[in-house]
Structure formats: structure tokens, C-alpha cells
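Only the coordinates and a few stated rules stand behind these numbers; no lab work does. All of these numbers come straight from a predicted model, not from anything done at the bench. Here the Cβ positions follow ideal geometry from the backbone for every residue, glycine too, while neighbour counts run over all protein chains shown.
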Amino acid sequence: MATVKDVVCGMEIEQGSAAGSSQHAGATYYFCSAGCKKAFDKEPAKYARR
């Protein structure tokens, strides 16, 4: 399974065990918690640059 970085908090997580994901500008982002997903969904451009 692939490891991905949660762009909100910086935590490395297993893609398959992510708490959620979102699409932005043609890319998929994965999150360690619902809180990180909510923060990303509120301001995706802020985090997608990381």
C-alpha cells in the first residue's frame, strides 16, 4: 500500500487507511482525520501548494 502525506498536518499515512480524501485541480489528497479533510475542503488552494 502506498504512503501519502496529509497536506494539512504533514502526517505520513497509508493511502488505504486514510480517514478521507478530496479532489482538487485534478489531484487526489488523502487525510489522517476528518478535521484535516474539513480544513482542506474549506481552503483547498492554501494546502494544495504544499
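Remarks
- Phi-derived couplings, Karplus 6.51 cos²θ - 1.76 cosθ + 1.60 at θ = phi - 60°, listed residue by residue for segment 14-29: 6, 3, x, 10, 4, 6, x, 8, 9, 9, 7, 6, x, 10, 9, 10 Hz, with x used for Gly and Pro.
- Entry note: the chain has Rg to Rh equal to 0.91, where both radii use alpha-carbon atoms and Rh is the Kirkwood radius.
- For the chain, a crude dipole built from +1 on the beta carbon of Lys and Arg and -1 on the beta carbon of Asp and Glu, taken about the Cα centre, is about 220 debye to the nearest 20.
- Between Ala27 and Ala45, residue separation times 0.36 nm minus the direct Cα-Cα distance comes to 5.3 nm.
- Aspartates and glutamates with Cα under 16 Å of Lys38, excluding same-chain neighbours fewer than 8 positions away: Asp6
- Amide H within-cut-off set for His24, under 5 Å, with H built and near neighbours excluded: Tyr29
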